[in-house]
Amino acid sequence: MPAIDSLPERRGPRPRTTPANPHQQLDQNAPPRLQEALFERARALPGVRVGPSGISVPGARAFILDEELAAGPPEAFMIGREFAHLHPPYDGSLHLMLPEATARVVVAKGWGELHPVARRGWLPPTAMMVYGPRDDDELEVVWTILQACYAFARGAQPGGRG
């Protein structure tokens, strides 16, 4: 997995998002083909099952880690063992949990933003929105970020450290 520090800068301006719940991406949305490609990759990760999100809007698909693999800290999960979810097709962004240092890099490189509820201090600063991929190159970047989230939920550091 490529290191988070080596992520490229996201091209162009950030998409518009809602300032409160439900936190949604309003423009520059991911094409359905790319949303499904990301979904299929994530559901194939070892120990991941898919179900309705326990915390998001109707239609959001959650990635839930098997109990025996869920060795990450509490702030690696949104609710239960849900570590990420993909929003419905009209949106295509993800909410996921990242280590704070990783989250700062993702924000600095333009790939995501802190969840507005985390900005208010009601969720840990590990709660992020990652913008949906607009093309195949962006799919690879978002996949790298999602793999870092998965590693966090499993108790490993991104890039294999820890």
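The values are calculated or read from the model by the stated rules, or taken from the named source; none is laboratory data. Predicted, not measured: the structure shown is a model, and the values here were computed from it. Backbone-built Cβ (ideal geometry, glycine too); neighbour counts: all protein chains shown. Accessible surface areas use protein heavy atoms only, side chains included; no ligands, DNA or RNA. Shrake-Rupley method; radii C 1.70, N 1.55, O 1.52, S 1.80 Å.
A few points about this structure:
- Sole residue being touching a Lys or Arg at 6+ places or on another chain (Cβ under 6 Å) and open to solvent by 50 Å² or more (accessible area, probe 1.4 Å), chosen from E36, E9: E9
- Within the range 96-122, considering residues that are of a type in the set (A, V, I, L, M, F, W, C) and free of Cβ contacts under 8 Å to residues at least 40 places away in the same chain, the one surrounded by the most Cβ atoms within 10 Å (Cβ to Cβ): A103
- Within the range 36-61, residues that are on the phi > 0 side of the Ramachandran plot reach partners that are open to solvent by less than 30 Å² (accessible area, probe 1.4 Å) and assigned to a strand (DSSP E or B) with beta carbons closer than 6 Å, at six or more positions or on different chains, in the pairs G47/L65.
Residue by residue, here is whether (1) outside any helix (DSSP H, G or I); (2) over 16 Å from the mean Cα position of the chain (by Cα); (3) surrounded by 15 or more Cβ atoms within 10 Å (Cβ to Cβ); (4) at pLDDT 95 or above holds:
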{"position": "E40", "(1), (2), (3), (4)": "no, no, no, yes"}
{"position": "L45", "(1), (2), (3), (4)": "yes, no, yes, yes"}
{"position": "P58", "(1), (2), (3), (4)": "yes, yes, no, yes"}
{"position": "I64", "(1), (2), (3), (4)": "yes, no, yes, yes"}
{"position": "E68", "(1), (2), (3), (4)": "no, yes, no, yes"}
{"position": "G72", "(1), (2), (3), (4)": "yes, no, yes, yes"}
{"position": "E75", "(1), (2), (3), (4)": "no, no, yes, yes"}
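- Here R81 passes the criteria (1) closer than 19 Å to L7 by Cβ; (2) buried (at least 19 other Cβ atoms within 10 Å of the Cβ); (3) basic (K, R) except the one numbered (1).
- Candidate set from the range 1-37 (those that are of a type in the set (A, V, I, L, M, F, W, C) and under 15 Å from M129 (Cα atoms)); member that is nearest to the chain's Cα centre (by Cα): A30
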